[in-house]
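Shown next, in structure tokens, is the structure this report addresses.
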Amino acid sequence: MGIRVGVLGAVHDSTAEARAPEAYVIIAYGNRLGYHYSAIFAGLLIGAYKGDTAPILIYTDRPQLFRNYPFEIVPISPQQLSDWSLEGRYWFRIKNRVMHDVLGRGFERVLYIDSDIAFTGNPHVDIGRVTPGRAVLFRNEGRANRSPKSRYQSLAVLPKDLFADDGLVLSPSAPLWSSAVMGLHRDMRESVECADRIIRGLFGKIDTHTLEQFALGVALAKDHQVVPSYGSFSIFSTSRRRAFARRRMFEFFRRYRAAPLEVQMTEAKRLRLRQPLGTMVVGRLLEIKPGPDPDFSLLS
């Protein structure tokens, strides 16, 4: 691919000019192979739709699973997984650490997507909107304390000077931005680091799994405009949708994993990942539980 991305913290690139100005980023880690194959599928769709030469970076603890694909692999070691997840206590912090790392690799703009989001249109519609003063996040989910039971209500009783060094007073009514898609400029690297200070400062004080996205939205908004994604996606983040999509992807890889890359990208664009509405409604009405992931180890 021209540029080789190796161990975290080191880019094996002879000149700064050799680095592409943009990159797409996906993360895949852990023991559930369905997440890794979802990342491969997401990468295939980005490659099929993007229409540019920007590399697709995969941050992963299982680089061997991606060896047959034209992605740039950034291996994550077990020690890094532990450090980045606060010793396994908060796994979503890994997204923050990956974005901090990739923004230090010479790219001007990067677009991250969760592995359970599959593009159905050109992802450049989002990365092209990123500027030094404007970030793209997936969507504004409303005030953090929009529910009376929101854990963010506790922000009101925390010391007002908790983040004074960053010039921030955190409000329970601050917007909660979803980070399933993140389009960031390299000038925002310090905002990502600020978000990490917020994560670490609130962890253990605010009991919620959304600290990473709350922190990023707050840190970015201090110095930048934050706008929602315009991208076209197929989203399978809920358990029922994910179960259906994983079954479809398993069949896809069982049929096409040995096919040429162009065939895989073409067939990936044709694959329907959304369950028919009628089937979905019946499943909910009858309270049919989603089945387990297929055994993706059979694809090895």
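The values are calculated or read from the model by the stated rules, or taken from the named source; none is laboratory data. All values derive from a computational prediction rather than experimental measurement. Every residue, glycine among them, receives a Cβ derived from its backbone with ideal geometry; neighbour counts consider all protein chains shown. When the accessible area is computed, the model is the full protein with side chains, heavy atoms only, and any ligands, DNA or RNA have been set aside. Shrake-Rupley method; radii C 1.70, N 1.55, O 1.52, S 1.80 Å.
Do we have Arg255 as within 20 Å of the chain's Cα centre (by Cα) and either polar (S, T, N, Q) or in a helix (DSSP H, G or I) (or both) here? Explain how you work it out, then say what you get.
Numbers: within 20 Å of the chain's Cα centre (by Cα): no; either polar (S, T, N, Q) or in a helix (DSSP H, G or I) (or both): yes.
In short, no.
Table: residues versus (1) at pLDDT below 95; (2) open to solvent by 70 Å² or more (accessible area, probe 1.4 Å).
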| residue | (1), (2) |
| --- | --- |
| Val157 | yes, yes |
| Asp165 | yes, yes |
| Arg186 | no, yes |
| Arg189 | no, yes |
| Glu193 | no, no |
Flag if Asn140 is of a type in the set (S, T, N, Q) and not in a loop (DSSP other than H, G, I, E, B):
yes
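Which ones in the stretch 16-52 are assigned to a helix (DSSP H, G or I) and of a type in the set (Phe, Trp, Tyr)? Quick ask: steps written out before the conclusion?
From the stretch 16-52, those assigned to a helix (DSSP H, G or I) are 16-18, 33-49; that's our starting set.
Matches in the stretch 16-52: Tyr35, Tyr37, Phe41, Tyr49.
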Cβ-Cβ under 8 Å pairs, at least 6 apart or on other chains, the stretch 137-161 side free of Cβ contacts under 8 Å to residues at least 60 places away in the same chain, far side surrounded by fewer than 16 Cβ atoms within 10 Å (Cβ to Cβ) and among the acidic types (Asp, Glu)
Arg151/Asp207
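Does the stretch 164-171 contain at least one residue that is within 30 Å of Pro123 (Cα to Cα) and part of a helix (DSSP H, G or I)?
Of all residues in the stretch 164-171, those within 30 Å of Pro123 (Cα to Cα) come to none.
Checked the stretch 164-171: no residue is within 30 Å of Pro123 (Cα to Cα) and part of a helix (DSSP H, G or I).
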By residue number, the members of the stretch 53-77 that are aliphatic (A, V, I, L, M), outside any strand (DSSP E or B) and open to solvent by 20 Å² or more (accessible area, probe 1.4 Å) are Leu65
I'd like to check something: does the stretch 120-138 contain any residue that is closer than 18 Å to Leu220 by Cβ, surrounded by 16 or more Cβ atoms within 10 Å (Cβ to Cβ), β-branched (Val, Ile, Thr) and in contact with a His (Cβ under 6 Å, 6 or more places away or on another chain)?
yes
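For the stretch 91-102, does any single residue satisfy the condition of being farther than 16 Å from Leu216 by Cβ, in a loop (DSSP other than H, G, I, E, B) and either modelled with pLDDT under 95 or not small (Gly, Ala, Ser) (or both)?
We begin by selecting, within the stretch 91-102, every residue farther than 16 Å from Leu216 by Cβ; these are none.
No: zero hits.
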Return a yes/no flag: does the stretch 220-230 have any residue that is of a type outside the set (S, T, N, Q), in a helix (DSSP H, G or I), farther than 29 Å from Leu33 by Cβ and open to solvent by less than 70 Å² (accessible area, probe 1.4 Å).
yes
